[in-house]
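Worksheet for the structure shown next.
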Amino acid sequence: MTRSVLLLLFLLLFPALTHAQIGGVEAITVQDGEDGQTYSVTLQVLLLMTLLTLLPAAVLMMTAFTRIVIVLGILRQAIGTAQTPSNQVIIGLAFFLTLFVMTPVLEDVYTNAVDPYLSEEMAPEEALEAAQEPFREFMASQTRDEDLALFLRISDNQGVESIEDVPFTVLVPAFMTSELKTAFQIGFILYLPFLVVDLVVSSTLMSMGMLMLSPMIISLPFKIMLFVLVDGWSLVMGTLAASFF
C-alpha cells in the first residue's frame, strides 16, 4: 500500500512524466567496442532519476512531518540534552507520528485513486485528480487564510472563489508557511517551563556567589526530572497528534 501511494504521489507532483515517451532524445551514449552494443540514456530517464532524489522531501512537505520534527527539535534544545535524543530518534518519532496522523488521508488516496489505477479501472489523469483531493483537504484545513492570500496575491490568482480552485503550486507553499508558524508557536510554549527552571537555577547560583559554575550543569537534572514527572513525552506527542484534528 505504501509503495503504491508513493508511486501515485510522485505522479501527482510531476504529472508531465506520465506523458514522457521512452524513446526520447539521447542524453548519454556508451558504445562497447567498434562492433559491440550501444547503450543510451534518454533525457526523460535522466530527468526521472534526478527527480526521484527530491521525491521524499516533496512528499513530506505535504504531510504533518514538518510541524512534528521542528517541535521535537525545539524540545530537545529546550531541555538542553544536546544530542539526546539523537537525530535518528527524532526523525523516527516524527516519521511514525506522521504516519499516524496521515493514515486517513493515505487510506483515502489508496481507496479512491491507487487501487482503481492499479486495477486499470481509472485513467492516469483521473487517478491523479482523485489523489489530489485528500491532500488538498488536509492542507487546506491546516493552512491559515492570510498565508494562502499571500501566495495567491504573489502568483496573481486573487480571483479564486473556493479552495478547490487554488492551484496545487500555491496551496503547498502556503501550507508549509503555516506549518512553520504553528511549529514555532508550539515550540515557544514548550520552551517556557524550561526557561523558568534555568532562570531559577541561575538566580540561586548567583545569590550563593557560585559564578564560575555553569547553570546548565545544575538545571539539566531538574529539567529532566520535571519533564519525566509530568509525563512529558506522552503530553507532547499527544498534543502534536491532536493539533491536526
If you scan the stretch 96-140, which residues turn out to be more than 16 Å from Met61 (Cβ to Cβ), of a type in the set (Ser, Thr, Tyr) and touching a residue at least 12 places away in the same chain (Cβ under 8 Å)? Tyr110, Tyr117
Cβ-Cβ under 6 Å, sequence separation 6+ or interchain: first residue in the stretch 77-92 and farther than 14 Å from Trp233 by Cβ and touching a residue at least 24 places away in the same chain (Cβ under 8 Å), partner open to solvent by 80 Å² or more (accessible area, probe 1.4 Å) and not β-branched (Val, Ile, Thr). Which pairs? Gly80/Met216
Condition first: within 30 Å of Pro134 (Cβ to Cβ) and hydroxyl-bearing (Ser, Thr, Tyr). Now tell me which residues in the stretch 163-211 satisfy that. Thr169, Thr177, Ser178, Thr182
List the number of the failed condition for Val172; all other conditions in (1) farther than 30 Å from Lys223 by Cα; (2) open to solvent by 50 Å² or more (accessible area, probe 1.4 Å); (3) touching a residue at least 60 places away in the same chain (Cβ under 8 Å) hold. (2)
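To keep it simple, each residue is scored yes or no on (1) farther than 30 Å from Gly80 by Cα; (2) of a type in the set (D, E, K, R); (3) open to solvent by 40 Å² or more (accessible area, probe 1.4 Å); (4) in contact with a strand residue (DSSP E or B) (Cβ under 6 Å, 6 or more places away or on another chain).
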| residue | (1), (2), (3), (4) |
| --- | --- |
| Ala113 | yes, no, no, no |
| Leu128 | yes, no, no, no |
| Glu137 | yes, yes, yes, no |
| Ser141 | yes, no, yes, no |
| Leu148 | yes, no, no, no |
| Lys181 | no, yes, yes, no |
Filtering the stretch 194-245 down to residues that are within 30 Å of Glu137 (Cα to Cα) and of a type in the set (Phe, Trp, Tyr), which residue is least open to solvent (accessible area, probe 1.4 Å)? Phe244
Return the residues of the stretch 69-104 that are more than 14 Å from the chain's Cα centre (by Cα) and surrounded by 20 or more Cβ atoms within 10 Å (Cβ to Cβ); say none if nothing qualifies. Leu75, Ala78, Ile79
Determine if the stretch 153-161 includes at least one residue that is under 18 Å from Thr98 (Cα atoms) and modelled with pLDDT of 80 or more. no
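The values are calculated or read from the model by the stated rules, or taken from the named source; none is laboratory data. Quantities reported herein were computed from a predicted structural model and do not represent experimental measurements. Cβ atoms come from the backbone with ideal geometry, glycine included; neighbour counts cover every protein chain shown. For accessibility, only protein heavy atoms count, side chains too; no ligands or nucleic acids. Shrake-Rupley method; radii C 1.70, N 1.55, O 1.52, S 1.80 Å.
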